[in-house]
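Encoded as structure tokens, the structure appears first; notes follow it.
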Amino acid sequence: MIDLSNVSKTFTLHNQGSAVIEVLSDVSLTVAPGECVALTGASGAGKSTLMRMIYGNYRAQAGVIRVGGVDLVQAEPREIIRLRREVLGYVSQFLRVVPRVPTLDVVAEPLRAVGVSSDEARTRAKELLAQLNIPERLWSLSPTTFSGGEQQRVNIARGFAHAYPAMLLDEPTASLDAANREVVLSLIEAAKARGAAIIGIFHDEAARARVCDREIDVSRFTPGLSSGSEAVERYNESAA
Amino acid sequence: MTPLLSVQGITKRYGAHIGCADVSFDLYPGEVMGIVGESGSGKSTLLNCMAGHLRPDAGSVVFDTRGHGPRDTVTMSEPERRMLGRTDWAFVHQHARDGLRMGVSAGGNVGERLMAVGARHYGDIRDKAVDWLERVEIDAGRVDDRPTTFSGGMQQRLQIARNLVTGPRLVFMDEPTGGLDVSVQARLLDLLRGLVRDMGLSAIIVTHDLAVVRLLADRLMVMKDGHVVENGLTDQVLDDPQHAYTQLLVSSVLQV
């Protein structure tokens, strides 16, 4: 379902003396339907970079990144948009929403985008919000003013609303209490059971051990430049 | 799939100065494209060349018309181009007063575009005008008021209603949120996003505001000195800019 071969990534910082930072080289990996693979490695090893490349958010300099038959390295924007709408879900660590849109609609939106009726999409959104313990009185409000933990749960609800065949999860259990962590892990297990191919970053080792079938240490794709990877982290922070 | 708009080699010079040079791209139905760049980068020149307000020195702007399939709008006759401008195309100006008739009531502004495409029944026109005022969140009670009595945000929403009432397929927008308060901007962006999605519109949005394109545009074109220096998926261009100028642009945004 997710298939990478010989993927490389460098950042060229034109305005900082044209520094070229090699982040990843020659990445090859495959994730089958129903499988969950964890990306591991120290901070700065390139886990998030790799995940963003699979989502088409970062551009690869070389190689093939195939998700559901589409090569994200070569695809046109509209092909990537279609892939993200129908096939490839991504739960990032941060919720980014249009101001004013109620939480219920934020969560229902991915379903509306694939043609599910408004009622059905809202019903599913309500189920997920209830499951993730977001109080019902908040559903009609925009999540922009919610606490960090609430925003993250809204983000997860949105990410799991549509049954994507492939999913990318960036620290889905970070900063959640035990009860909500359990809900998220069961959502991941349910997604695997229906055949989703999942790649995740989990600092929570117990969570990783429970839901992941394999681990891939990203540092083996990192050209040995520890100072370089710090610069990339800095670059990523400034770009975010 | 046939592109809705296919732009090839658009070039416009002002004497020795380059307005925009050799710009080409295809826009597909339902796509929203942003064009960013600083003042003087040629983005408005390009928009005006595409929308038929300026005649390019070279290049073609092929639009997939309803009746006759793909036609080059640069070489078509003026009446044909004007007809397109009243039916399948819409143009939202930065300053609402450039796109509105300030001496005519709000309802008249919306109704006028309907009459331009042949609507004659007063009751129908008025009903439709009221319906559209409500869709852009203007109180129906203001239908007989002139836009001069409206706030800047309301005028901009009225301009959008006037443009969209005939069900266009392609909307050109020139800094649609420029000069508005941020709270008014947010409301307008939310409205535009909803309309684009519900009506399946294609749109080309010129702006210098990167936050606006992140919210509205699927894809992004970055211009500098009349040339396209980078283009691609919006979030990719903003999060992993490849060109020196785009990197500078993205890193220059102040964080709030």
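The values are calculated or read from the model by the stated rules, or taken from the named source; none is laboratory data. If you're wondering where the values come from, they're calculated on a predicted model, not measured in any experiment. Cβ: placed from backbone, ideal geometry, glycine included. Neighbour counts: every protein chain shown. For the accessible areas, the whole protein counts, side chains as well, though only heavy atoms, and no ligand, DNA or RNA atoms are used. Shrake-Rupley method; radii C 1.70, N 1.55, O 1.52, S 1.80 Å.
Per-structure values
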quantity	calculated
Failed condition for residue A:140, given (1) more than 14 Å from every other protein chain (Cβ to nearest Cβ); (2) buried (at least 17 other Cβ atoms within 10 Å of the Cβ); (3) closer than 25 Å to residue B:187 by Cα	(2)
Residue satisfying condition, being in contact with a Gly (Cβ under 7 Å, 6 or more places away or on another chain) and at pLDDT below 90, within set B:153, B:200	B:200
Checking residue B:167 against (1) surrounded by fewer than 19 Cβ atoms within 10 Å (Cβ to Cβ); (2) free of Cβ contacts under 8 Å to residues at least 40 places away in the same chain; (3) within 13 Å of another protein chain (Cβ to nearest Cβ), the condition it does not meet	(3)
1 or more residues at positive phi and open to solvent by 10 Å² or more (accessible area, probe 1.4 Å): qualifying strands (runs of 3 or more DSSP E) within the stretch B:1-94	B:5-14, B:17-27, B:58-65, B:69-72
Qualifying residue in the stretch A:75-88 (condition: part of a loop (DSSP other than H, G, I, E, B), touching a residue at least 12 places away in the same chain (Cβ under 8 Å) and farther than 30 Å from residue A:140 by Cβ)	yes
Output for the stretch B:12-51, where each listed residue is in contact with a strand residue (DSSP E or B) (Cβ under 8 Å, 6 or more places away or on another chain) and among the small types (Gly, Ala, Ser)	B:19, B:21, B:24, B:30, B:34, B:37, B:41, B:42, B:44, B:51
Filter pass, residue B:137 being among the acidic types (Asp, Glu), on the phi > 0 side of the Ramachandran plot and open to solvent by 30 Å² or more (accessible area, probe 1.4 Å)	yes
So residue A:69, is it within 12 Å of chain B (Cβ to nearest Cβ) and closer than 24 Å to residue A:214 by Cα	no
Residues that are part of a loop (DSSP other than H, G, I, E, B), out of contact with any helix residue (DSSP H, G or I) (no Cβ under 7 Å at 6 or more places or on another chain), open to solvent by 50 Å² or more (accessible area, probe 1.4 Å) and over 20 Å from residue B:235 (Cβ atoms), drawn from the stretch A:89-134	A:115, A:117
Selection from the stretch B:104-115 of residues that are out of contact with any Pro (no Cβ under 9 Å at 6 or more places or on another chain) and either open to solvent by 40 Å² or more (accessible area, probe 1.4 Å) or hydroxyl-bearing (Ser, Thr, Tyr) (or both)	B:112, B:115
Matching option when the condition is free of Cβ contacts under 8 Å to residues at least 40 places away in the same chain and farther than 20 Å from residue B:206 by Cβ, among B:119, B:106	B:119
Residue count, the stretch A:27-71 (criterion: aliphatic (A, V, I, L, M), within 15 Å of the chain's Cα centre (by Cα) and open to solvent by 10 Å² or more (accessible area, probe 1.4 Å))	0
Scan of the stretch B:213-256 for residues that are in contact with a His (Cβ under 6 Å, 6 or more places away or on another chain) and surrounded by 17 or more Cβ atoms within 10 Å (Cβ to Cβ), ordered by number	B:229, B:230, B:247
Near pairs, Cβ below 8 angstrom, 6+ apart or cross-chain, from the stretch A:205-216 (closer than 14 Å to residue A:39 by Cβ) to any residue that is open to solvent by 90 Å² or more (accessible area, probe 1.4 Å)	A:208/A:215
Residues within the stretch A:181-211 that are open to solvent by 10 Å² or more (accessible area, probe 1.4 Å) and outside any loop (DSSP other than H, G, I, E, B), tallied	14
